[in-house]
Amino acid sequence: MDNNCCCHKTKERTEKETRDLLNRLSRIEGQIRGIRGMVERDAYCIDILTQVAAANAALNAFTKALLAEHIKTCVAQDIRDGKDETVDELVHTLQKLMK
């Protein structure tokens, strides 16, 4: 089994980190439910698109916060431990995020 596979890695987060991430996700979920409701109520396209843009911005903010924390903790520690493959993993992840 490949222990470097991302599906086998975990990250211990502080209670605050977990709470902050979950709060952001809850807000995003609420936004998505709101968009669904707008579609169900035949809301005007521009109004829906405005809400979609807000949800995208919230998801991007979540991604940036998670990525910053990953670099500050996981990546930095792995580099200190001589695990240079983590840099390759980060580059690959950034390439996927920037599509």
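Is any helix in the chain, taking whole DSSP H runs, at least 30 angstrom long along its axis by alpha carbon and on average at least 0.5 on the Kyte-Doolittle scale, and which ones? All intermediate terms of the calculation are to be shown ahead of the outcome.
Working: long enough: 15-40 (37 Å, -0.87); 45-70 (37 Å, 0.85).
Helix filter hits for the chain: 45-70.
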* Asked: Calculated FRET efficiency, residue 98 and residue 22, Cβ-Cβ r, R0 22 Å, to nearest 0.05?
  -> 0.30
* Starting from the Cα-Cα distance between residue 63 and residue 33, subtract it from 0.36 nm times their residue separation and give me the gain in nm to one decimal. => 8.8 nm
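Could you work out how much longer the chain between residue 12 and residue 73 gets when fully extended? Use 0.36 nm per residue separation minus the Cα distance between them, nm to one decimal. Display every interim value, and only then the final one.
Details: separation 61, 0.36 × 61 = 21.96 nm, distance 1.02 nm.
Answer, rounded to one decimal: 20.9 nm.
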* To do: Tell me what the chain gives for mean residue ellipticity at 222 nm when only DSSP H runs of n ≥ 4 count, each as -39,500 (n - 2.57), the sum divided by the residue total, rounded to 500 deg cm²/dmol.
  => -24000 deg cm²/dmol
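Can you compute the charge dipole magnitude of the range 1-90 about its Cα centre, using +1 on each Lys and Arg Cβ and -1 on each Asp and Glu Cβ, nothing else charged? Give it in debye, rounded to the nearest 20. Can you show the working numbers first?
Values: 14 positive and 16 negative charges, 88 e Å.
Magnitude of the dipole: close to 420 debye.
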* Structure fact -> note: the chain, Cα-Cα separations exceeding 18 Å make up a percent value of 61
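Every number here is computed from the coordinates shown, using simple stated rules; none is lab data. None of the values given here were measured: they were computed from a predicted structure. So basically every Cβ, Gly included, is an ideal-geometry build from the backbone, and we count neighbours across all protein chains shown.
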